[in-house]
Amino acid sequence: MTGVPAVDVRPVTVVDDGLRAELLACWVDVSNAGGAVGFVPPVVAGDVAPVLERLLEGVTSGRDVLCVLTVDGATAGFAALVGSSSPLRRHWGTVLRVQVHPSRQGAGLGRALMEGVHRIAADRGWEFVYLTARGGTGVDAFYRGLGYTEVGRLPGAIRVAVGDDRDEILLVKRL
(Lines give C-alpha, C1' and ligand atoms only; values in the text may rest on other atoms or scores of the structure.)
Protein backbone atom coordinates (compact mmCIF):
# COMPACT_ATOMS: atom_id res chain seq x y z
CA MET A 1 0.00 0.00 0.00
CA THR A 2 1.41 3.36 -0.97
CA GLY A 3 0.46 6.39 0.98
CA VAL A 4 1.46 9.96 1.42
CA PRO A 5 5.07 10.18 2.58
CA ALA A 6 5.67 11.29 6.15
CA VAL A 7 7.37 14.68 5.96
CA ASP A 8 8.87 16.16 9.11
CA VAL A 9 11.13 19.06 10.04
CA ARG A 10 12.73 18.68 13.44
CA PRO A 11 15.18 20.78 15.41
CA VAL A 12 18.51 19.05 15.95
CA THR A 13 21.07 20.18 18.49
CA VAL A 14 23.28 17.07 18.54
CA VAL A 15 24.73 15.77 15.26
CA ASP A 16 26.18 12.27 15.19
CA ASP A 17 28.59 10.98 12.53
CA GLY A 18 25.79 9.43 10.48
CA LEU A 19 23.79 12.64 10.25
CA ARG A 20 26.98 14.65 9.62
CA ALA A 21 27.72 12.41 6.61
CA GLU A 22 24.16 12.81 5.30
CA LEU A 23 24.31 16.60 5.65
CA LEU A 24 27.67 16.72 3.88
CA ALA A 25 26.46 14.54 1.01
CA CYS A 26 23.31 16.65 0.63
CA TRP A 27 25.28 19.90 0.59
CA VAL A 28 27.71 18.59 -2.03
CA ASP A 29 24.89 17.29 -4.22
CA VAL A 30 22.85 20.51 -3.92
CA SER A 31 25.94 22.61 -4.74
CA ASN A 32 26.82 20.48 -7.75
CA ALA A 33 23.22 20.72 -8.99
CA GLY A 34 23.61 24.51 -9.03
CA GLY A 35 22.02 25.32 -5.67
CA ALA A 36 23.02 28.70 -4.25
CA VAL A 37 24.22 27.42 -0.86
CA GLY A 38 27.66 28.99 -0.58
CA PHE A 39 29.60 27.31 -3.37
CA VAL A 40 29.95 27.26 -7.14
CA PRO A 41 30.13 23.82 -8.75
CA PRO A 42 31.99 21.62 -8.99
CA VAL A 43 32.68 20.89 -5.33
CA VAL A 44 33.77 17.81 -3.43
CA ALA A 45 33.23 16.82 0.19
CA GLY A 46 36.60 18.31 1.17
CA ASP A 47 35.43 21.75 0.00
CA VAL A 48 32.19 21.67 1.95
CA ALA A 49 33.26 19.82 5.13
CA PRO A 50 35.04 22.77 6.83
CA VAL A 51 32.04 25.04 6.25
CA LEU A 52 29.68 22.37 7.60
CA GLU A 53 31.88 22.02 10.69
CA ARG A 54 31.71 25.78 11.35
CA LEU A 55 27.94 25.66 10.98
CA LEU A 56 27.75 22.73 13.42
CA GLU A 57 29.93 24.56 15.98
CA GLY A 58 27.09 27.05 16.43
CA VAL A 59 24.63 24.18 16.83
CA THR A 60 26.85 22.49 19.42
CA SER A 61 27.16 25.77 21.34
CA GLY A 62 23.38 25.92 21.73
CA ARG A 63 23.09 29.33 20.04
CA ASP A 64 21.95 27.86 16.72
CA VAL A 65 19.67 25.04 15.68
CA LEU A 66 19.76 22.70 12.72
CA CYS A 67 16.37 22.14 11.07
CA VAL A 68 16.45 18.71 9.45
CA LEU A 69 13.89 17.75 6.81
CA THR A 70 13.02 14.05 6.64
CA VAL A 71 10.78 12.11 4.29
CA ASP A 72 9.71 8.73 5.64
CA GLY A 73 12.54 9.03 8.17
CA ALA A 74 15.30 9.66 5.58
CA THR A 75 17.19 12.96 5.55
CA ALA A 76 16.03 15.00 2.56
CA GLY A 77 17.39 18.47 3.35
CA PHE A 78 18.17 20.99 6.04
CA ALA A 79 18.55 24.62 7.03
CA ALA A 80 20.28 26.35 9.90
CA LEU A 81 18.73 28.87 12.25
CA VAL A 82 21.38 31.15 13.70
CA GLY A 83 20.71 33.17 16.81
CA SER A 84 22.21 36.53 17.66
CA SER A 85 24.62 36.99 20.54
CA SER A 86 23.53 40.62 20.87
CA PRO A 87 20.99 41.26 23.63
CA LEU A 88 19.39 43.81 21.30
CA ARG A 89 18.71 41.22 18.58
CA ARG A 90 17.67 38.12 20.50
CA HIS A 91 14.22 38.29 18.91
CA TRP A 92 15.76 37.75 15.45
CA GLY A 93 17.08 34.63 13.76
CA THR A 94 19.04 34.22 10.55
CA VAL A 95 18.21 31.37 8.19
CA LEU A 96 21.21 29.86 6.39
CA ARG A 97 21.97 27.10 3.90
CA VAL A 98 18.38 26.18 2.99
CA GLN A 99 18.54 23.06 0.85
CA VAL A 100 16.52 20.09 -0.33
CA HIS A 101 18.39 17.22 -1.95
CA PRO A 102 18.09 17.42 -5.78
CA SER A 103 16.48 13.95 -5.90
CA ARG A 104 13.65 15.29 -3.69
CA GLN A 105 13.05 18.67 -5.33
CA GLY A 106 9.80 19.56 -7.05
CA ALA A 107 7.51 17.90 -4.50
CA GLY A 108 6.84 20.89 -2.22
CA LEU A 109 9.54 19.94 0.25
CA GLY A 110 11.18 23.38 0.13
CA ARG A 111 7.95 24.89 1.40
CA ALA A 112 7.64 22.16 4.04
CA LEU A 113 11.22 22.80 5.17
CA MET A 114 10.67 26.54 5.47
CA GLU A 115 7.36 26.14 7.32
CA GLY A 116 9.24 23.90 9.77
CA VAL A 117 12.02 26.48 10.07
CA HIS A 118 9.43 29.15 10.87
CA ARG A 119 7.76 26.95 13.51
CA ILE A 120 11.11 26.13 15.15
CA ALA A 121 12.12 29.81 15.15
CA ALA A 122 8.79 30.83 16.71
CA ASP A 123 9.19 28.07 19.33
CA ARG A 124 12.52 29.71 20.27
CA GLY A 125 10.71 32.99 20.81
CA TRP A 126 12.05 34.68 17.70
CA GLU A 127 9.75 37.23 16.11
CA PHE A 128 11.60 37.76 12.84
CA VAL A 129 13.74 35.68 10.51
CA TYR A 130 16.16 37.02 7.95
CA LEU A 131 17.88 35.39 5.00
CA THR A 132 19.72 36.26 1.84
CA ALA A 133 19.27 34.92 -1.66
CA ARG A 134 21.61 34.97 -4.63
CA GLY A 135 20.31 37.21 -7.40
CA GLY A 136 19.76 35.70 -10.81
CA THR A 137 18.45 32.38 -9.47
CA GLY A 138 14.78 33.27 -9.03
CA VAL A 139 14.77 31.78 -5.54
CA ASP A 140 13.79 35.15 -4.06
CA ALA A 141 10.32 34.64 -5.62
CA PHE A 142 10.01 31.39 -3.63
CA TYR A 143 10.73 33.27 -0.40
CA ARG A 144 8.30 36.07 -1.29
CA GLY A 145 5.66 33.36 -1.71
CA LEU A 146 6.35 32.36 1.89
CA GLY A 147 5.72 35.90 3.15
CA TYR A 148 9.24 37.33 3.02
CA THR A 149 9.75 40.96 2.08
CA GLU A 150 12.80 42.23 0.25
CA VAL A 151 14.44 44.90 2.38
CA GLY A 152 17.57 45.54 0.35
CA ARG A 153 20.22 44.40 -2.07
CA LEU A 154 23.97 44.40 -2.04
CA PRO A 155 24.80 44.95 -5.72
CA GLY A 156 27.41 42.56 -7.07
CA ALA A 157 28.15 41.12 -3.61
CA ILE A 158 28.40 37.52 -4.82
CA ARG A 159 31.06 36.67 -7.40
CA VAL A 160 30.01 33.43 -9.06
CA ALA A 161 32.74 33.73 -11.68
CA VAL A 162 34.91 36.43 -13.21
CA GLY A 163 32.46 38.77 -14.92
CA ASP A 164 29.44 37.15 -13.20
CA ASP A 165 28.67 39.15 -10.08
CA ARG A 166 25.23 38.73 -8.50
CA ASP A 167 23.23 40.83 -6.09
CA GLU A 168 22.74 39.52 -2.59
CA ILE A 169 19.02 39.96 -1.88
CA LEU A 170 18.08 40.64 1.75
CA LEU A 171 14.71 39.20 2.83
CA VAL A 172 12.82 39.37 6.14
CA LYS A 173 9.72 37.66 7.52
CA ARG A 174 7.78 38.52 10.67
CA LEU A 175 6.68 35.31 12.36
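The values are calculated or read from the model by the stated rules, or taken from the named source; none is laboratory data. Here the structure is a predicted model, which means the values were calculated and not measured. Note that we place each Cβ from the backbone using ideal geometry, even for glycine, and neighbour counts take in every protein chain shown. Surface areas here come from the heavy atoms of the whole protein model, side chains and all, with no ligands, DNA or RNA. Shrake-Rupley method; radii C 1.70, N 1.55, O 1.52, S 1.80 Å.
If the viscosity is 0.692 mPa s and the temperature 37 °C, what Stokes-Einstein diffusion coefficient in µm²/s follows for the chain when Rh is the Kirkwood radius over Cα pairs?
Using the Kirkwood radius from Cα pairs, D works out to 197 µm²/s.
When the distances between all Cα atoms of the stretch 25-76 are binned every 5 Å from zero, what whole-number percent does each bin get?
Final binned percentages: 4, 19, 22, 22, 22, 10, 1.
Would you check the accessible area of residue 129, probe 1.4 Å, heavy atoms only, in square angstrom rounded to 10?
Around 0 Å² of this residue is reachable by solvent.
Determine the gain in length on full extension of the stretch residue 39-residue 159; use 0.36 nm per residue of separation and subtract their C-alpha separation, reporting nm with one decimal.
42.2 nm
Rounded to a whole number, what is D in µm²/s for the stretch 80-150 from Stokes-Einstein with the Kirkwood radius over alpha-carbon pairs (37 °C, 0.692 mPa s)?
251 µm²/s
With r as the distance between the Cβ atoms of residue 91 and residue 142 and R0 = 22 Å, compute the FRET efficiency 1/(1 + (r/R0)^6) and round to 0.05.
0.35
Using a Förster distance of 25 Å, how high is the FRET efficiency between residue 19 and residue 47, based on the Cβ-Cβ distance and rounded to 0.05?
For residue 19 and residue 47, the calculated efficiency is 0.80.
Roughly how many percent of the accessible protein surface of the stretch 1-108 is carbon and sulfur, given a 1.4 Å probe and a whole-percent answer?
Answer for the stretch 1-108 is 55 percent, counting heavy atoms of protein chains only.
Report the Cα centroid-to-centroid distance between the stretch 120-146 and the stretch 49-95 in angstrom, as an integer.
Using only Cα atoms, the two centres lie 14 Å from each other.
Quick check on the chain: helices-only [θ] at 222 nm, where DSSP H runs of length 4 and up contribute -39,500 (n - 2.57) each and the sum goes over total residues. Nearest 500, please.
Result for the chain, helices only: -10000 deg cm²/dmol.
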